[in-house]
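Right, one structure below, let's go through it.
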Amino acid sequence: MRVLIISIFVSLFSFMSVSVSEEYTNISLGYTKHIAEDPHDSGGTTYFSDPEDNGFVLGFALGQKSDGLSTEIETSYYSEVSQKLTSDVTVDVSTLASMFNATVTPGENDFYGILGGGVGFGYSMVDTSYKSGSTTFNGDETTFNFAYQLILGLGADNYELVFKHSNFGEVEGGSGKTSAGGTYNADEFDSIYNSIAFRIKY
């Protein structure tokens, strides 16, 4: 990840040294697969599966492109998905992200590749629902984390098809007292999205 961050800032420095650039805006809509990786609870209990669920992502970006290098500020909303961490625990997860992306775009204007990455922050919302027999717990929690992503894609004229692997770090759900008066430890997991999106530039 350190190499990725260094590469992005080297690219940014190179970009800033070029005086002629083209500004653009893009909007995107995509399909996501959310992965609750390495789930466990704050009490030290480890769960033994990495559940996945499908959703969608909406994005908006402002950027500049010059000599095959693009830099942009991107804001994305990842829709709520439902993850069954155990037979008794379900969490609903959604994420709002702000990322600085740097990509190289080799090729001609009418057809080009996209390769790069981004760093930024993710605001994740996790709503927990627990039920075991007659004992229940419902609670929510938010996490604000450093985030990074890898980007691959293809473009033609003002249209792009982009794959992203986005990691928003470890997030957690609610904690507190169950309906039976016991303690409910927060569920925790690494929040990861694989997405493929169609982008229109203008």
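The values are calculated or read from the model by the stated rules, or taken from the named source; none is laboratory data. Treat the numbers as computed from the prediction; the structure is a model and nothing was measured. Here the Cβ positions follow ideal geometry from the backbone for every residue, glycine too, while neighbour counts run over all protein chains shown.
With respect to the conditions (1) touching a Gly at 6+ places or on another chain (Cβ under 8 Å); (2) under 20 Å from Ile196 (Cβ atoms), Gly55 falls short on a single one, namely (1).
Considering each residue of segment 112-119 in turn, none proves to be over 15 Å from Ser70 (Cα atoms) and in contact (Cβ under 8 Å) with a residue 12 or more places away in the chain. When Leu161, Leu152 are checked against the criterion of being touching a Leu at 6+ places or on another chain (Cβ under 8 Å), part of a strand (DSSP E or B), without any contact (Cβ under 8 Å) to a residue 40 or more places away in the chain and over 19 Å from Phe100 (Cβ atoms), a single residue qualifies: Leu161.
Residues checked against (1) touching a Gly at 6+ places or on another chain (Cβ under 6 Å); (2) farther than 17 Å from Glu74 by Cβ; (3) surrounded by fewer than 21 Cβ atoms within 10 Å (Cβ to Cβ):
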{"residue": "Ala147", "(1), (2), (3)": "yes, no, no"}
{"residue": "Ile151", "(1), (2), (3)": "yes, no, yes"}
{"residue": "Asn167", "(1), (2), (3)": "no, no, yes"}
{"residue": "Glu170", "(1), (2), (3)": "no, yes, yes"}
{"residue": "Thr178", "(1), (2), (3)": "no, yes, yes"}
{"residue": "Gly182", "(1), (2), (3)": "no, yes, yes"}
{"residue": "Asp187", "(1), (2), (3)": "yes, yes, no"}
{"residue": "Ile196", "(1), (2), (3)": "yes, no, yes"}
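The rows are residues; the columns are (1) on the phi < 0 side of the Ramachandran plot; (2) of a type outside the set (Gly, Ala, Ser).
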{"position": "Gly68", "(1), (2)": "no, no"}
{"position": "Glu72", "(1), (2)": "yes, yes"}
{"position": "Gln83", "(1), (2)": "yes, yes"}
{"position": "Ser98", "(1), (2)": "yes, no"}
{"position": "Thr103", "(1), (2)": "yes, yes"}
{"position": "Gly107", "(1), (2)": "no, no"}
{"position": "Gly118", "(1), (2)": "yes, no"}
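Report the residue count in segment 105-120 for those that are surrounded by fewer than 16 Cβ atoms within 10 Å (Cβ to Cβ) and in a strand (DSSP E or B).
Number of matching residues: 5.
What do you reckon, is Gly63 in a strand (DSSP E or B), under 14 Å from the mean Cα position of the chain (by Cα) and either at pLDDT 95 or above or surrounded by fewer than 17 Cβ atoms within 10 Å (Cβ to Cβ) (or both)? No, not satisfied. Within segment 127-138, is even one residue outside any strand (DSSP E or B), modelled with pLDDT of 95 or more and surrounded by fewer than 21 Cβ atoms within 10 Å (Cβ to Cβ)? Yes, there is a match, as at least one residue in segment 127-138 is outside any strand (DSSP E or B), modelled with pLDDT of 95 or more and surrounded by fewer than 21 Cβ atoms within 10 Å (Cβ to Cβ).
Regarding segment 89-98, can at least one residue be identified that is outside any strand (DSSP E or B), of a type outside the set (Ser, Thr, Tyr), in contact with a strand residue (DSSP E or B) (Cβ under 6 Å, 6 or more places away or on another chain) and more than 30 Å from Ser134 (Cβ to Cβ)? The answer is no, given that none of the residues of segment 89-98 is outside any strand (DSSP E or B), of a type outside the set (Ser, Thr, Tyr), in contact with a strand residue (DSSP E or B) (Cβ under 6 Å, 6 or more places away or on another chain) and more than 30 Å from Ser134 (Cβ to Cβ). Of all residue pairs spaced 6 or more apart or on separate chains, those with beta-carbon atoms under 7 Å, a first member in segment 175-202 that is free of Cβ contacts under 8 Å to residues at least 60 places away in the same chain and a second member that is surrounded by 15 or more Cβ atoms within 10 Å (Cβ to Cβ) and not aromatic (Phe, Trp, Tyr) are Gly176/Gly139; Tyr184/Ser175; Tyr184/Thr178. For Glu141, state whether it is modelled with pLDDT of 95 or more and either over 17 Å from Glu160 (Cβ atoms) or surrounded by fewer than 14 Cβ atoms within 10 Å (Cβ to Cβ) (or both). Yes.
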